[in-house]
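Colleague: Pasting in a structure now, in structure tokens, and then I'll have a few things to ask.
The values are calculated or read from the model by the stated rules, or taken from the named source; none is laboratory data. Predicted model only: the values in this text are computed from it and were never measured. Note that we place each Cβ from the backbone using ideal geometry, even for glycine, and neighbour counts take in every protein chain shown. For accessibility, only protein heavy atoms count, side chains too; no ligands or nucleic acids. Shrake-Rupley method; radii C 1.70, N 1.55, O 1.52, S 1.80 Å.
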Amino acid sequence: MPQPQRREITYTDELLADRTVHRRYSDGGQEWRSADGGGGRRIVRWRDERGGSGTDELLGRRIVKRVYANGRPPIYGREAGYGRTLWSDGVLTVNRTSFGGRLGTVLGAVTAGAVVGGLTMPPAFLSPEEEEELRRQAEASASGGGDGGATGDPGYGDWDDSSDTDDDFG
């Protein structure tokens, strides 16, 4: 199967007084995001400036499922660390929130270069059974003292983007 054309979109997050996050993308897009830990699942609800909405769910093993409320087929992302998520549609989102100054410049150059070529594409499709298995594995790892990053508490209480955790889901 041919690989989708990759393109990079950076974003910054701003924590708002109501504990939601306003995300601004370099392509002009905007999202308002709120954590929803309902039922023990790790979900972020989002809406954008174009009237779109949906959810991002961390399934486990750094796989994120983006579901669109309008019925558009879901896409999957693979968290690659350092605020980078590669999506099954070929978009690489890169969090610039916590990387200012010289460090941000260096990481930006690295991300746009060789590191991008080494990222593993997320799945294009997962069956409901495969998704449930990822959730089960993540739950088992979290209850067994998981690593706190890929499978542990996402830290939404602080919306902390200062570390290499999966708290922002892409």
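Colleague: Among the candidates SER141, SER88, which residue alone is buried (at least 16 other Cβ atoms within 10 Å of the Cβ) and modelled with pLDDT under 95? Before you say what the answer is, go through the steps one by one.
Modeller: Numbers: SER88 fails: modelled with pLDDT under 95.
One residue alone meets the criteria, SER141.
Colleague: Considering each residue of the range 39-56, count those that are touching a residue at least 40 places away in the same chain (Cβ under 8 Å) and part of a strand (DSSP E or B), and give that number. So that I can check it myself, show each step before the final result.
Modeller: As a first pass, look at the range 39-56 and keep what is touching a residue at least 40 places away in the same chain (Cβ under 8 Å): 40-42, 44, 56.
Next cut, part of a strand (DSSP E or B) only: 44, 56.
The number of residues fulfilling the criteria is 2.
Colleague: Quick one: how many residues across the range 58-81 are charged (D, E, K, R), part of a loop (DSSP other than H, G, I, E, B) and at pLDDT 95 or above?
Modeller: 1
Colleague: Continuing with this model, one more query. Which condition from (1) at pLDDT 95 or above; (2) closer than 24 Å to GLN137 by Cα is the one that ALA35 breaks?
Modeller: The failed condition is (1).
Colleague: Within the set of pairs 6+ apart or on separate chains, which have a first residue in the range 122-135 that is more than 17 Å from LEU58 (Cβ to Cβ) and open to solvent by less than 90 Å² (accessible area, probe 1.4 Å), a second that is of a type in the set (Phe, Trp, Tyr) and not in a loop (DSSP other than H, G, I, E, B), and C-beta atoms under 8 Å apart?
Modeller: ALA124/TYR76
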